[in-house]
Amino acid sequence: MKATVVGAGLAGCEAAWQLARRGVRVTLHEMKPQKRTPAQTGDGLAELVCSNSLRGAALTNAVGCLKEEMRRAGSLVIACADLARVPAGGALAVDRDAFSAAITERIRANRAIDVVPGEALRIPDDRPTLLCTGPLTSDDLAADIAAAVGAKHLAYYDAIAPIVEAETIDRDRVFAASRYGKGDGDEYLNCPFDEAGYLAFVHALREAEKVVPREFEATRYFEGCLPIEVLAERGVQTLAFGPMKPVGLVDPKSGRRPYAVVQLRPEDRARTAYNLVGFQTRMKHGEQVRILRTIPGLERAEFLRLGSVHRNTFLDAPRVLAERFEMRARPGVHAVGQIAGVEGYVESAGCGLLAGIFVAARLHGEEAPLPPPTTTLGGLLEHLRRPAASFQPSNVTWSHVVPLADPRVKKPERFERLAERALADVDAWISSLPPAAERAGEDANPADVTEAPVALGAE
């Protein structure tokens, strides 16, 4: 039994891993090192090109629950993220190089997976084929996909946040603290603004020179990842209630909550670099350096990476995909991950996990059951199936799962109950699947890199 996977990002590596665990030989096409997208810098698999955070770790957070569901289902991505974890308060953040290296090592060591370098210019003729080419699908392949589904593919723009060299941060002007003291309390560095400084910063963002998209490209940003200057243009206080919100933070120098803050999150275990949290931007590089150096503590900052804008490509999933990621117009071809219309690292890998399970079962002459709609894995599928006048990518939220029978339950008890129910139901779903280890056999070379399930509410 064989399958073809195109793209060795998070979704593609996860899908290949799940297929291999179930006795399927996988040809994994990856265009690196022969070619890179504008956002990629390394040759490793599963490269994180935006933030190094996989977002919230608490199980009462929908994405935290999703990670635990995937962990229990034997996810390669989550296992490697756990191994490469760096301090980040209530979030699961990773050393991006260690994370990519861990996945690359396991994929290349798996005897059932053949990694083939080179760009796929069209949908392969092999069946089944899983397209996991992500938000930066090449123009040629995107055009072939658009022709296959009978409609023009949709595109929006996402932005990458800058990274600053740790040694160039003025530690006398920033303070270490996590919001509400979560974690060890010092995972983030915080750059505090007073009111006058904040208003001047917002004005500078509004006046900054931005990169202008090409005339034939419509600029459609994902609402959950808006550039800071777009937020500034929406209102003078928008940033103060968004990525610069000061709630849960007290500056020990003044004993008061700042008017606004910029949070810096470690990029690596050694804390040699910090990411400007939520500071995606489409400003020109010279403007970025000039304006970001007005942030308290970053006056002499050296930037290891500046922000940039890149195209994200996705399908109108409710109209063109069946319930197991299969293209209605191309049976045997599955669109998986961000190209299917989910947003986020974890959500993309979750789709890869599901697609690998579904396709492997079908190759064995079976139909794997769908995860219950009470789970966050099931919620991903619900999002891709839910009709919408204008379909948009989305992170997983509790709104994607079946609500509790009693609508009177308030937060946070409601989230606790949703998580308890989701984990119980995902365990039952996992037990209903054919045992992966028995299917894999010696050729698949399955490696146990998972860790034990965590308790509800753990971070």
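Each reported figure results from applying straightforward, stated rules to the coordinates on display, with no laboratory input. Fair warning: this is a prediction, and the values are worked out from it, not measured in the lab. A quick note on method: Cβ atoms are made from the backbone with ideal geometry, for glycine too, and the neighbour counts reach across all protein chains shown.
Note the per residue figure in Å³ for the convex hull of the C-alpha positions in the stretch 160-310.
113 Å³
Output the antiparallel fraction of DSSP beta bridges having both residues in the chain, as a percent to the nearest 5.
Around 60 percent of the beta bridges assigned by DSSP in the chain are antiparallel ones.
Quick one: which of 394-400, 105-111 comes out on top by average Cβ neighbours within 10 Å, and what's the full order, highest first?
Answer by packing, highest mean first, reads 394-400, 105-111.
For the chain, take the longest principal axis of its alpha carbons; what is the angle in degrees between that and the long axis of helix 10-21, to the nearest 10 within 0 to 90?
The angle comes out at about 30 degrees.
Quick one: length gained pulling Ala109 to Ala424 fully straight, 0.36 nm per residue minus the C-alpha distance?
Full-extension gain reported as 110.1 nm.
Based on the Cα atoms of the stretch 6-134, what semi-axes does the equivalent ellipsoid have, where each is the square root of 5 times one gyration tensor eigenvalue, given in whole Å with the largest first?
Calculated on Cα positions only, the semi-axes equal 25, 17, 13 Å.
Which entry is the computed Cα extents along the principal axes in Å for this structure: (i) 66, 49, 43; (ii) 91, 63, 57; (iii) 67, 43, 37?
Recomputing Cα extents along the principal axes in Å here gives the entry labelled (i).
Of the listed peptides 53-66, 12-25, what is their order by residue-averaged count of other C-beta atoms within 10 Å, with the highest listed first?
Ranking, from highest mean packing down: 12-25, 53-66.
With unit charges on the beta carbons (Lys and Arg positive, Asp and Glu negative) and the dipole taken about the Cα centre of the chain, which residue among Val86, Ser308, His29 sits farthest to the positive side?
Ser308
Treating the angle as unsigned and between 0 and 90°, give the value, to the nearest 10°, between the Cα long axis of helix 376-385 and the longest Cα principal axis of the chain.
Relative to the chain, helix 376-385 is tipped by roughly 80 degrees.
State the extension gain, in nm to one decimal, for the chain segment bounded by Tyr259 and Glu302, taking 0.36 nm per residue of separation less the distance between their alpha-carbons.
13.0 nm
Using 0.36 nm per residue of separation minus the Cα-Cα distance, give me the extension gain between Arg290 and Ala270 in nm, one decimal.
Answer, rounded to one decimal: 4.5 nm.
Run down the aspartates and glutamates and flag those whose C-alpha is under 18 Å from the C-alpha of Lys210, throwing out any fewer than 8 positions away in its chain.
Cα-Cα hits under 18 Å: Asp158, Glu229, Glu233, Glu287.
Evaluate the charge dipole of the chain about its Cα centre and quote only its size in Debye, nearest 20, assuming +1 on the Cβ of each Lys and Arg and -1 on the Cβ of each Asp and Glu.
660 debye
For the stretch 284-430, what is the largest minus smallest coordinate of the Cα atoms on each principal axis, given in angstrom and ordered from greatest to least?
60, 44, 31
Relative to the longest principal axis of the chain, what angle (0 to 90°, nearest 10) does the C-alpha long axis of helix 195-207 take?
The helix 195-207 is inclined about 60 degrees to the chain.
Only helical DSSP H runs with n ≥ 4 go in: add -39500 (n - 2.57) per run for the chain, normalise by residue count and round the 222 nm mean residue ellipticity to 500 deg cm²/dmol.
Numbers: 13 runs with 146 residues, N = 459.
After summing the helix terms and dividing by residue count, I get -9500 deg cm²/dmol.
So what is the relative contact order for the chain, in percent, with contacts set as C-alpha pairs under 8 Å and at least six apart?
25 percent
Lys and Arg at +1, Asp and Glu at -1: add these up for the other residues within a Cβ distance under 14 Å of Thr375 and post the number.
-2
Please enumerate, by chain and number, the aspartates and glutamates with C-alpha under 13 Å from the C-alpha of Lys245, excluding those fewer than 8 residues away in the same chain.
Once the sequence-local aspartates and glutamates are set aside, what remains near Lys245 is Asp194, Glu195.
Which residues does a label at Tyr180 reach in the stretch 67-104, if reach means a backbone N under 13 Å from a point 7 Å past the Cα toward the Cβ?
Correct set: 90-91.
Label-point separation (nm) for Arg171 and His364, each offset 7 Å from Cα along Cα-to-Cβ?
Spacing of the two 7 Å Cα→Cβ label points: 5.4 nm.
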